[in-house]
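Nothing in this text is a laboratory measurement; each read-out follows from the coordinates by a stated rule. Here the structure is a predicted model, which means the values were calculated and not measured. All Cβ positions, even for glycine, are placed from backbone atoms using ideal geometry, and neighbour counts span all protein chains on display.
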Amino acid sequence: MHDVAYDAVVLAGGAARRLGGADKPSVRVGGRALLDRVLAACGGARTTVVVAAPRPTARPVTWAREDPPGGGPLAALGAGLGPITAEHVVVLSADLPFLQERTVGRLLDTLRTSGADGVLLTDPDGRDQPLVAAYRTRRLHETLELLAGRHGGLDGLPLRRLVAELDLTRVLDPVASFDCDTWDDIATARARIREHGHVLDEWISAVKDELGIDLDVDTRALLDLARDAAHGVARPAAPLTTFLVGYAAARAGSGPEAVAEASRKAAALAARWAEENTSKTQPTGSGQAAAPAQPAGSAQPASDQADVAPDATPDTRPDAG
């Protein structure tokens, strides 16, 4: 992961004409506003400036506005750079539903090693996405000043004028570069995050965002624990066990290590519990009483049936097909 200190500027203005004038940054995909999804992706920024009218966000940001409002992306970028002091700045639009922190890290790592003025993503058609990019802050300031002097200001200037003046490295990323300009784009994004391969990660991210939790844990281990508890004990044991693991981790000081340790203990207990259940039907060692044999065709006693988990218990993980 990148080790470059950076700031971020998120452009969240614009008229959103192709969305009928809707407040696009507030449109929800996977239960989260598009703006909040982008803010999560640049959560490692030292300072994050959002250029737009202030509104509630999932994490604190600095607000800025171009003067007059509606001057276009270069004018907005110029306003957003005002509070920026880091050597590198990530510049993002607020309509990127699939942008993730690892993509931001990739942009910064490439910038640090390339020697270029900036690194931007390109879409599947090879088009530049200058609002999914990392730049050297000083070069960005210099270029905006150059363009403002040449054109009498930044209002109304297209982003291609900026791109033409900079030495840029390009990185193809069809997913992270996907932006939402139309309601069809919104529908596509909403459908994709509900696909089998994405829905669990999206749901966990949404819950953490909603609860204000910034904690990376081994979700696969928790899912395995839930499955083992459901199979070896009883189906309702799965959600209750994972809840108790979380509670125990919080009491132990939180953090991924505390969650991992609580999960390990609970998984070991579930294994011991399941082993006791199945041992009733296995040969016993010396000093142990074997379970009484049942007459052919007779039903197993109800007390034993309640103890033994059926072999065909379905997978109870949330993303199980």
Q. Using r as the Cβ-Cβ distance of residue 250 and residue 22, and R0 as 45 Å, what FRET efficiency do you calculate, to the nearest 0.05?
A. 0.70
Q. Quick one: net charge of residue 188's neighbours, Cβ under 12 Å, K/R +1, D/E -1?
A. -2
Q.
So for the range 54-177, averaging the separation of alpha carbon pairs under 8 Å that are six or more residues apart and normalising by length, what relative contact order in percent results?
A. 34
**Q.** Protection proxy ranking of 133-142, 54-63, 170-179 - average other beta-carbon atoms within 10 Å, highest first
**A.** 133-142, 170-179, 54-63
Q) Alpha carbon centre of the range 112-148 versus the range 168-247: separation in Å? A) 31
